[in-house]
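The values are calculated or read from the model by the stated rules, or taken from the named source; none is laboratory data. Bear in mind that the values here come from a model prediction, so they are computed numbers and not experimental data. Counting neighbours? That spans all protein chains shown, and the Cβs are built from the backbone with ideal geometry, glycine included.
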Amino acid sequence: MSKINAISLYGIITRALIGSSFFVSGINKALASREILIEIYTGLGLTNFLSSAMVYILPVVEINLGLFLVFGLFNKQCSLVLTSGLAIYEILLLQAWLRNVAIAAVPLFGIFMNEALSREIFENVLLILLLYPAALYGLDFTLDKILLSRKGKAICK
Amino acid sequence: MKKEEKIYNARRIFAAFLLILFSTLTLVFLKALHKGVIMPVPSYRSAGAAKAAIEIYEYTDLSCPACTMSNELLHNVLRVYGNVIRLHFKHFPLEYHKWSKKAALYADCAGEQGKFFDYANFLFRNQDKWVGEEQEPKIFTALAENLGLDKDKLNICLNNLANTKRINLEIAEGNAKGLEATPTFFVNGKYARGPHSLIEQLKASGYFAKQTGGLK
């Protein structure tokens, strides 16, 4: 196994932090009521159909990809999917900001927030910026790497 | 695709399956504990200390007799331990109580004029006078007049769809948390169903043992 230097340690930490924040956020969404989430998504400007679809898809994606990111499974693919998702969400938030719409959010911890637009925009940018080092440098201690290193052993049998 | 690659991918997919299984089990476990995000209540529906050691969310139905009991109990507890408890009142009108939702709406509108607890407590104590009514109970407007509420403001509030929607979202929140009956409480996030369970949770919080007398 390669030596862990400061950069890869930083990558591992960001990977774990972002992954767990997605995991918790997904859990919160999965436990929240569908009606409240639909209210939030339609508030962002999505159609009723898309909002209803998001209610089912988003928690599953956030929980599982968050968990994959923590364990480093399909690390690069997960980072790419999550970054794309965040970028789309950021666009939705920005157009809501331009239209001066109040946005509610289901936060990571604690209580539901009613006016969370600026906080969400800031958090999103931060997450996108952090996902890059997580994908690029957080490659040590990943399941991807561990499973790859065991490959030879299995083939020899 | 090479054989090694196939095995490597199969292993990754198996690991992914295990992680998905883990997340599903976590979700089922949390659901069983009635966990979930709580929407804030309007400030007029909260009572007690602003920064309290014990935060109670009460999901209640103005037509339910057991809720009257627990409401009395909670207000007595608040009178003594108001400095350490914060109570948040959540509407959870049950479908088969004909006037519960309407009563909740009236109470909220009274709340907008600073009389939420006066209005709700009166409705609790006088359930026999309105719960079984066929037509909309006259007590709703009579009580508003008795409490000196501004009629125009009250009507505007009653016709405001946002207020009805808030109550509907609270019902949806309760359903998502798996609530089946009223009253149900969350004492610092811990589930308690019924007044006895509430007392047990309050005792379990350990705070009251330190107070003089404690909770009997």
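Some notes on this structure:
- Check on A:T83, over 29 Å from B:K177 (Cα atoms) and more than 10 Å from chain B (Cβ to nearest Cβ): yes
- Scan of the stretch A:14-59 for residues that are assigned to a loop (DSSP other than H, G, I, E, B), more than 12 Å from chain B (Cβ to nearest Cβ) and not aliphatic (A, V, I, L, M), ordered by number: A:G45, A:T47
- Number of the condition not met by B:L30 [criteria: (1) out of contact with any helix residue (DSSP H, G or I) (no Cβ under 9 Å at 6 or more places or on another chain); (2) among the aliphatic types (A, V, I, L, M); (3) at pLDDT below 95]: (1)
- Odd one out for A:N48, checked against (1) in contact with a Gly (Cβ under 8 Å, 6 or more places away or on another chain); (2) surrounded by fewer than 20 Cβ atoms within 10 Å (Cβ to Cβ): (1)
- Failed item in (1) modelled with pLDDT of 90 or more; (2) within 17 Å of B:C64 (Cβ to Cβ), with B:I156 passing the rest: (2)
- Condition check for A:R119: of a type in the set (D, E, K, R) and either modelled with pLDDT of 80 or more or touching a Pro at 6+ places or on another chain (Cβ under 6 Å) (or both): no
- For the stretch B:143-179, taking the residues that are hydrophobic (A, V, I, L, M, F, W, C) and part of a loop (DSSP other than H, G, I, E, B), the one that is surrounded by the most Cβ atoms within 10 Å (Cβ to Cβ) is identified as B:L149.
- Residues that are part of a loop (DSSP other than H, G, I, E, B) and at pLDDT below 90 were ranked within the stretch B:180-198; the one that is surrounded by the fewest Cβ atoms within 10 Å (Cβ to Cβ) is B:E180.
- Residue in the stretch B:57-66 that is more than 30 Å from A:L143 (Cβ to Cβ), within 14 Å of chain A (Cβ to nearest Cβ) and of a type in the set (G, A, S) present: no
- Considering A:L73, A:L108, the condition of being within 18 Å of the chain's Cα centre (by Cα), within 14 Å of another protein chain (Cβ to nearest Cβ), modelled with pLDDT of 90 or more and outside any helix (DSSP H, G or I) is satisfied by A:L73 alone.
- Residue among A:L82, A:L126 that is modelled with pLDDT of 85 or more, out of contact with any helix residue (DSSP H, G or I) (no Cβ under 8 Å at 6 or more places or on another chain) and not β-branched (V, I, T): A:L126
- Considering the stretch B:1-58, and only residues there that are in contact with a Leu (Cβ under 6 Å, 6 or more places away or on another chain) and in a strand (DSSP E or B), the residue that is surrounded by the fewest Cβ atoms within 10 Å (Cβ to Cβ) turns out to be B:A47.
- Pair list, Cβ under 8 Å, 6 or more apart: the stretch A:29-45 residue without any contact (Cβ under 8 Å) to a residue 60 or more places away in the chain, other residue buried (at least 17 other Cβ atoms within 10 Å of the Cβ) and of a type in the set (D, E): A:S33/B:E173
- Qualifying residue in the stretch B:120-142 (condition: within 16 Å of B:S46 (Cβ to Cβ), in a helix (DSSP H, G or I) and either among the hydrophobic types (A, V, I, L, M, F, W, C) or without any contact (Cβ under 8 Å) to a residue 12 or more places away in the chain (or both)): yes
- Hey, B:L94 without any contact (Cβ under 8 Å) to a residue 60 or more places away in the chain, within 21 Å of the chain's Cα centre (by Cα) and over 23 Å from B:A47 (Cα atoms) or not: no
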